[in-house]
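Read through the structure below, which is laid out as structure tokens, and then see the notes.
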Amino acid sequence: MRRTGSVLVIDDEDIMREILEALLTREGYDVRLAASGAEGLELAKSLPFDAAIVDVMMPGIDGITTLDELKKIDDDLPRRWRLRFQR
């Protein structure tokens, strides 16, 4: 089933952005990539999106703060949490 919509992916790891972009694009989503919370917030201010996938642990603005700021930009953004921790 092909899906439509735009997804903002914010992750400081290149490989994670590349993997998520490949998977989401294959499913039919328009994917926008950002390497930091600040970069993601700038993208969100200029381009609309339907969902965001945000790394929690990033240098600079962490993922939780980034999500809080994204919610201020788009109050309709649904918030679901799924945390993945690595050692």
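Derivation of every value follows stated rules applied to the coordinates shown; laboratory data play no part. It should be emphasised that the depicted structure is a prediction, and the values quoted were computed from it without experimental measurement. So basically every Cβ, Gly included, is an ideal-geometry build from the backbone, and we count neighbours across all protein chains shown.
Are any of the residues in the stretch 53-65 among the β-branched types (Val, Ile, Thr) and touching a residue at least 40 places away in the same chain (Cβ under 8 Å)? Yes, that holds for at least one residue. If you filter the stretch 13-35 down to residues that are of a type in the set (Gly, Ala, Ser) and more than 24 Å from Asp76 (Cβ to Cβ), you find that the one that is surrounded by the fewest Cβ atoms within 10 Å (Cβ to Cβ) is Ala22.
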